[in-house]
């Protein structure tokens, strides 16, 4: 008999050589019908895999990330078989699952594949899927695997196999199709009920532009046609909410080829919006005991050699700036933390002075490949709402929890209510990616996990996602369309204080090393605003929106009254503007709706006589007539509902 531990901690006894499906059926037949994949002791397996030892088992349905990954990876196999039926001489390479669907890279030789081929591919794909072909794994010797692909003249698979260890090589079979694969599939092709070929693009083998260019075919699949329909509807809505489109329409930001790729230019309305976000966080930070600092946009190369950034990121950064002085080199600042370490080093501190909390809206520069740039979400110059807390080890837990409170306040004030926390720890298989000793990393990782538990956060642990100098707590926020974004981050660091020889005098009158917390609730101003734009569709919270009110006079006869209304609003710190164009009121209303201005105030003869305004609300229509004082109270009350001061 073997003992299987389930995610809830329950341990069940089964006969040796039972399968994950047997375990699923022991829970309930209804549940088992939805199980499509499993994970045993950290490895994704099939539902038919024989379990021979004690271990921990997770059963996946399509609703689980692990289930989706297996579903989409299996779909990639079917896609490859589909393409081979049209292009039998194509050479297969790799076909992984991705965040939304999957892709397969193929060498089509002199043949091509385009959007006009998608309907035929989808039809053939579903025809294969309806065969309910089982996915089955088999081990293959390295010699036999190499022989197969050398016979097919597939240099890509040969290269992959040459880097594998004999005894660890497996193939996956379904129908008359076979492929080199590590595993993790659904039971059979029949579970796939809907498919959409999304795109075709070029991709270099292994991502290296010196290698052959392949054809990459993207697709997405679902166990129900209804799911695909809903997904495509969300995609259409996402196009309408694209921050690049809205940023242009709302005149927030732009890019210029003359300035350079990935370097955004903030227009007046966008700069004002950024300023309000900064002021919002500065007020909260001041209450939380932060002090603002400012540091340069460049630093001597030696600064980043000391911090470790040059070793880990030097090749991917902008190249060194040389000066007329021999052997003097500067770098564009890739991160603010080394500068803040030197701010701390300005004078000695005792334990009574700690914690020290230094904050800065610091602009940093990283050389992203041009193909990876995407609006404001991936840029080469961006501003972080950065802060670094220097504290004693005893203060770490409380300081970390208080930063969590600040992040949650930011999210709540901006309408991000659906999020999970991710504890990002080391990759135990790649210790060279990190600086510092194992014992220090253990302490830092345990501190984050403990704080997340104490604050009642819904969190997952992700190996290999830590920063090179320490583990972190990342906040994965879901927007209105259900897409997940990594925004706020908090990191624990024992390593930079050591590298910069940071100290404080303890109660024992001896020198001690402080612990450093890196934190950025927004993450970066650029990415946060991009996500906020798409989350709200450009309908920002009233306290943040560039223009809160637009006044629409019926004719120029009411210019003086319009000016009076404008002055009263501005005196109450309400952001208002006037549409004085010689256009009909209906046209002005439509234009104000397109511009997503929250409130429209219409003034004419009756309003002037009564000292009132007629009010319309964006997306809702007519609210009726108000005195100017009543309307000002309406605005102020709505702002106070969404912008609660940080406690």
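The values are calculated or read from the model by the stated rules, or taken from the named source; none is laboratory data. On a predicted model such as this, the values are computed, not experimentally measured, just so you know. Every residue, glycine among them, receives a Cβ derived from its backbone with ideal geometry; neighbour counts consider all protein chains shown.
Of note:
- Residue among 219, 262, 184 that alone is in contact (Cβ under 8 Å) with a residue 40 or more places away in the chain, under 27 Å from the mean Cα position of the chain (by Cα), closer than 30 Å to residue 150 by Cα and in a loop (DSSP other than H, G, I, E, B): 184
- Criterion: farther than 28 Å from residue 263 by Cβ and touching a helix residue (DSSP H, G or I) at 6+ places or on another chain (Cβ under 7 Å) - qualifying residue of 303, 331, 354: 354
- Scanning segment 517-532 turns up no residue that is assigned by TED's automatic domain parsing to the domain that holds residue 588, over 17 Å from residue 268 (Cα atoms) and part of a helix (DSSP H, G or I).
- Taken over segment 410-419, the criterion of being out of contact with any strand residue (DSSP E or B) (no Cβ under 8 Å at 6 or more places or on another chain) and either outside any helix (DSSP H, G or I) or at pLDDT 95 or above (or both) is satisfied by 414, 415, 417.
- Scanning segment 97-107 for residues that are assigned to a loop (DSSP other than H, G, I, E, B) and either buried (at least 20 other Cβ atoms within 10 Å of the Cβ) or in contact with a helix residue (DSSP H, G or I) (Cβ under 7 Å, 6 or more places away or on another chain) (or both) yields a count of 0.
- For segment 606-637, a residue qualifies if it is within 19 Å of residue 586 (Cβ to Cβ) and either assigned to a helix (DSSP H, G or I) or over 38 Å from the mean Cα position of the chain (by Cα) (or both), and the qualifying residues are 606, 607, 613, 614, 615, 622, 623, 624, 625.
- Residue tally, condition surrounded by 13 or more Cβ atoms within 10 Å (Cβ to Cβ) and within 23 Å of residue 501 (Cβ to Cβ), over segment 303-321: 11
Yes or no, residue by residue, for (1) at pLDDT 95 or above; (2) not in a loop (DSSP other than H, G, I, E, B):
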{"site": "13", "(1), (2)": "no, yes"}
{"site": "33", "(1), (2)": "no, yes"}
{"site": "39", "(1), (2)": "no, yes"}
{"site": "48", "(1), (2)": "no, no"}
{"site": "62", "(1), (2)": "yes, no"}
{"site": "80", "(1), (2)": "yes, yes"}
{"site": "109", "(1), (2)": "no, no"}
{"site": "119", "(1), (2)": "yes, yes"}
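- Of the set (1) farther than 16 Å from residue 132 by Cα; (2) under 28 Å from the mean Cα position of the chain (by Cα), all apply to residue 74 but (1).
- Residues in segment 190-216 that are touching a residue at least 60 places away in the same chain (Cβ under 8 Å) and part of a helix (DSSP H, G or I) were compared, and the one that is nearest to the chain's Cα centre (by Cα) is 205.
- For the residues 45, 94, 27, the requirement of being in the same structural domain as residue 202 (by TED's automatic domain parsing) and surrounded by 13 or more Cβ atoms within 10 Å (Cβ to Cβ) singles out 94.
- Odd one out for residue 426, checked against (1) buried (at least 20 other Cβ atoms within 10 Å of the Cβ); (2) closer than 30 Å to residue 644 by Cα: (2)
- Residue that is farthest from the chain's Cα centre (by Cα) [pool: residues in segment 50-60 that are farther than 11 Å from residue 184 by Cβ and part of a strand (DSSP E or B)]: 51
- Filter pass, residue 248 being touching a residue at least 60 places away in the same chain (Cβ under 8 Å) and either out of contact with any helix residue (DSSP H, G or I) (no Cβ under 9 Å at 6 or more places or on another chain) or in the same structural domain as residue 95 (by TED's automatic domain parsing) (or both): no
- Evaluation of residue 25 against the conditions (1) closer than 29 Å to residue 460 by Cβ; (2) touching a strand residue (DSSP E or B) at 6+ places or on another chain (Cβ under 8 Å); (3) without any contact (Cβ under 8 Å) to a residue 24 or more places away in the chain shows that the sole unmet condition is (2).
- Residue in segment 219-227 that is in contact with a strand residue (DSSP E or B) (Cβ under 7 Å, 6 or more places away or on another chain) and closer than 30 Å to residue 591 by Cβ present: no
- Answer residue from segment 12-24, given it is farther than 21 Å from residue 74 by Cα and surrounded by 15 or more Cβ atoms within 10 Å (Cβ to Cβ) and is nearest to the chain's Cα centre (by Cα) among those: 23
- Selection within segment 147-164 - within 30 Å of residue 64 (Cβ to Cβ) and either free of Cβ contacts under 8 Å to residues at least 24 places away in the same chain or surrounded by fewer than 16 Cβ atoms within 10 Å (Cβ to Cβ) (or both): 164
- Scanning segment 554-605 for residues that are touching a strand residue (DSSP E or B) at 6+ places or on another chain (Cβ under 8 Å), touching a residue at least 60 places away in the same chain (Cβ under 8 Å) and assigned to a helix (DSSP H, G or I), we see that the one that is nearest to residue 533 (Cα to Cα) is 569.
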